[in-house]
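Quick notes on the structure that follows.
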Amino acid sequence: MSEVATLCARARVAARRLAPRDRAAKDAALTGIAEGLRARMADVLAANALDVEEARSRGTSNALLDRLALDPGRVSQMAKAVAQIARLSDPVGHVLFESTRPNGVRVRRVSVPLGVVAMIYEARPNVTTDASALCLKAGNAVVLRGGSEAARSNAAIHAVIADALDGCGLPRDAVQMLPPGNRDAIRELLQQTETVDLAIPRGGEGLIRFVQENARVPVIAHAKGVCHLYVDAGADVEMAVRIAVNAKLQRPSACNALECLLVDANDAPRVLPPVLRALIDGGCEVRGCERTRALVQGIKLATADDWGKEYLDRIIAVRVVDGIDAALDHVARFGSGHTEAICTRDVGHAERWRHEVDAACVVVNASTRLHDGGEFGMGAEIGTATGKLHWRGTMGLEGLTTFQWVVDGDGQVRA
C-alpha cells in the first residue's frame, strides 16, 4: 500500500473513533490547540520566516507573500479562531426532521460527520489550523496537503495540533499532513474513494482545475473571487468611499477583496472622483474604461482582460455603466459567484440586487470583506464555496456535516 493510501486508511480509522466523541472531548482538543499556538508562537514564526525568505528569494509575488507571511498578530488570531470554534455548539447530533408515522415508526434526520476530508491548499498557513479545528469540531478526520511554499510553517503548526490531540486522548491520526511535493500525490489522494469522503481545494485557478479534473471523490471547489461593488445613482459618497477602500485595500490578497468597481453613469461625475482619489491615495492602481478616464485623469486604460480579473493585489478595474441593469449584466458575465455588493439608497434596487445576483453572497451597503466565517460568527471557515452543491459561500461547521436517517420501531414491517 502506498504512503497516500496508508495515510488515508489511518484517517478513516481515526474518523470512526472520533465520530462518537462528545463535545467536551473535541472542545478540549481545540482548547489545547489554541493554547499550543500561543505557547509555541516563536517556533511557528521561526519556521514561517524561513518559508517567507525562501519564497522571496524565488521572486514570489507580493500577493502570495502576504498570504504566506505570519506575524504575532496573525498567529494570535489563528489561536483566537480555534478557541472561538470550541465555544460554538456541536454541529453533530442535531435532529433536522422528525416524524412519527401512522404505523408507530419514528423517523428522524440527524446531522452526522462527513468522515474523512482531504484539504488541498496553497500558501496560507492559517488554513492548517482553520481546517483542522473545523473538521475536528464536526467529528471529521482531515488529511492536509499544503503548498510547498509553506512547508515549514505547516509542519510547525501540525506539530502543535498533533500534541494537543495526544494530550486529550483523541486519535492523533485525525489530523494528518501529506508532505508537499509534486502533484502525483495529490492525484492519488483524490482517487481514494474507499477512504476519502470529500476533497476541498483552496488556492489558485490552476490548483482548482487540477483537483476537479483528477478527482474521483466528491469535490467542493473554493474557486477564485472576482468581487464587484456597484455604486448606484444617489448613493452616499462617504459610504461608497468607506466601502470601496475597505473592500479593496484592507487585505488585497484575500478572495473576498474587491476587484471591480461599477458606477452608474447618471451619477458618476459626483461619485467616481472621490472614490478613486481615496483608492489611489491608498496605493491602488486604477484601470478604467474610457468614461472613467474622462472623469478622472491619469488612469490606465482597462483592457478586455481586466473584466473578470482576480488581481489579489492593489489593482482595481473600474467601469461606468448605464444603470443597475447594466451592472447586473456585467456581474452576470464576469463575476465568479463569490461576493457581489451594491451601495445604494434605493430600496427597490437593493431588493433587485438581493434577488437577481447569482452569487454565494450578496451584500447591500457593506464591504465584500465581511463575507467570512469569522465575521459571520462561525469562528473560521474552511473556504468559500463558489458552486451550489452541497454547500455555498463561507463554509464552517454545518457545511462539514451530512445527515443520516434514523428509524426506530418495535417490530413493524412494510405491508
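For the range 14-57, treating each Cα as an identical point scatterer without solvent, what Debye log10 I(q)/I(0) comes out at q = 0.14, 0.17, 0.28, 0.33 1/Å? Once normalised to I(0) and log-transformed, intensities are -0.55, -0.65, -0.91, -1.03.
So what's the net charge close to Gly282: Lys and Arg +1, Asp and Glu -1, counting the other residues with Cβ under 11 Å from its Cβ? Every neighbour counted, the sum reads +1.
Which parts of the range 166-187 would a label at Ser2 reach, counting a residue when its backbone N lies under 18 Å from a point 7 Å out along Cα-to-Cβ? Label zone hits: 177-187.
What translational diffusion coefficient, to the nearest whole µm²/s, does the range 297-415 have by Stokes-Einstein, given a Kirkwood radius computed over alpha-carbon pairs, a temperature of 37 °C and 0.692 mPa s viscosity?
188 µm²/s
A simple packing score, the average count of other Cβ atoms within 10 Å per residue, orders the peptides 310-318, 187-195 as 310-318, 187-195, with the highest score first. Projected onto planes of every orientation and averaged, the convex hull of the alpha-carbon atoms in the range 23-180 covers 10.5 nm².
For Ile315, nonlocal amide neighbours, meaning residues 5 or more places apart or on other chains whose placed amide H falls under 5 Å from its own, are Glu285. Every helix of 4 or more DSSP H residues in the chain counts as -39500 (n - 2.57), and over all residues that averages to -13000 deg cm²/dmol at 222 nm. Between 0 and 90 degrees, the angle of helix 151-168 with respect to the longest Cα principal axis of the chain falls at about 40 degrees. My understanding is that a pair violates if its Cα-Cα distance is over 27 Å; which of Lys137/Lys388; Lys224/Lys300; Lys224/Lys248; Lys80/Lys137; Lys26/Lys388; Lys26/Lys80 do that in this structure? Long pairs (Cα-Cα over 27 Å): Lys26/Lys388. Among beta bridges identified by DSSP and lying wholly in the chain, the antiparallel ones come to about 30 percent. Per-residue Karplus couplings for the range 50-62, computed as 6.51 cos²θ - 1.76 cosθ + 1.60 with θ equal to phi - 60°, are listed in order as 5, 4, 5, 4, 5, 4, 5, 5, 8, x, 4, 5, 4 Hz, Gly and Pro entered as x.
Could you calculate the FRET efficiency of Ser61 with Phe97 from 1/(1 + (r/R0)^6), where r is the beta carbon distance between them and R0 is 51 Å, rounded to 0.05? In this case the efficiency is close to 0.60.
Label zone of Gln404 (point 7 Å out along Cα→Cβ, amide N under 19 Å): in the range 93-124 this covers 93-99, 106-117.
Using equal-weight Cα scatterers in the Debye expression, the normalised intensity of the range 1-81 in log10 at q = 0.14, 0.22, 0.24 Å⁻¹ is -0.76, -0.95, -0.98. Its Kirkwood hydrodynamic radius, worked out from the mean inverse distance over all distinct Cα pairs, puts the range 44-110 at 16.2 Å. Seen from all directions on average, the range 214-362 presents a Cα convex hull projection of 9.2 nm². Estimated at the nearest 10 Å², the accessible area of Ser76 is 50 Å² with a 1.4 Å probe. Segment Val364..Met239, full-extension length gain: 43.9 nm, with 0.36 nm per residue of separation and the alpha-carbon distance subtracted.
Between the Cα long axis of helix 126-137 and the first principal axis of the chain there is an angle of about 40°, rounded to the nearest 10. A cut-off under 13 angstrom between Cβ atoms defines the neighbours of Arg354, and their net charge, with Lys, Arg +1 and Asp, Glu -1, is -4. Scanning residues 5 or more positions from Thr394 or on other chains, those with amide H under 5 Å from its amide H are Ala385, with H placed 1.01 Å from N in the peptide plane. Expressed per residue, the C-alpha convex hull volume of the range 151-278 stands at 175 Å³.
Out of the total accessible area of the chain (probe 1.4 Å, heavy atoms of protein only), what percent is carbon and sulfur?
Of all accessible area on the chain, carbon and sulfur atoms account for 49 percent.
Within the P(r) computed for the range 84-154, what percentage of the Cα pairs occupies the region above 20 Å? When all Cα pairs of the range 84-154 are counted, 48 percent exceed 20 Å. Length gained on full extension, His355 to Ala415: 17.0 nm, using 0.36 nm per residue less the C-alpha separation.
What the chain shows is 43 Å² of accessible area per residue, with the surface traced by a 1.4 Å probe over protein heavy atoms.
Comparing Arg209, Arg16, Arg369 in a Gaussian network model of the chain where C-alpha atoms under 10 Å apart are linked, the largest mean-square fluctuation is found at Arg209. If you take every DSSP beta bridge fully contained in the range 82-186, what fraction is antiparallel? Give it as a percent rounded to 5. Bridges in the range 82-186 are about 40 percent antiparallel. Normalise the Debye intensity by I(0) for the chain, one equal point scatterer per Cα, no solvent, then take log10 at q = 0.06, 0.08, 0.10, 0.13 Å⁻¹ and round to two decimals. Cα-only, vacuum Debye calculation for the chain: -0.28, -0.49, -0.73, -1.10. Can you tell which of Gly288, Gly374, Gly104 shows the greatest fluctuation in a Gaussian network model of the chain with Cα springs below 10 Å? Comparing Gly288, Gly374, Gly104 in a Gaussian network model of the chain, the most mobile one is Gly104.
Other residues within the sphere of radius under 12 Å centred on the Cβ of Ser2, judged by their own Cβ, net out at -2 (K and R +1, D and E -1). With respect to the chain, whose longest principal axis is taken over its alpha-carbon atoms, helix 323-334 is tilted by about 50°. Phi-derived couplings, Karplus 6.51 cos²θ - 1.76 cosθ + 1.60 at θ = phi - 60°, listed residue by residue for the range 185-193: 5, 5, 4, 5, 4, 6, 10, 8, 5 Hz, with x used for Gly and Pro.
Taking a ≥ b ≥ c as the square roots of the eigenvalues of the Cα gyration tensor of the range 347-411, is the shape rounded (a/c under 1.5), prolate (a/b larger than b/c) or oblate? Prolate, since a/c reaches 1.5 and a/b exceeds b/c.
The values are calculated or read from the model by the stated rules, or taken from the named source; none is laboratory data. Predicted, not measured: the structure shown is a model, and the values here were computed from it. Ideal geometry is used to build each Cβ from the backbone, glycine not excepted, and the neighbour counts take in all protein chains shown. The protein model used for the area step is the full one, side chains on, heavy atoms only, and it has no ligands, DNA or RNA in it. Shrake-Rupley method; radii C 1.70, N 1.55, O 1.52, S 1.80 Å.
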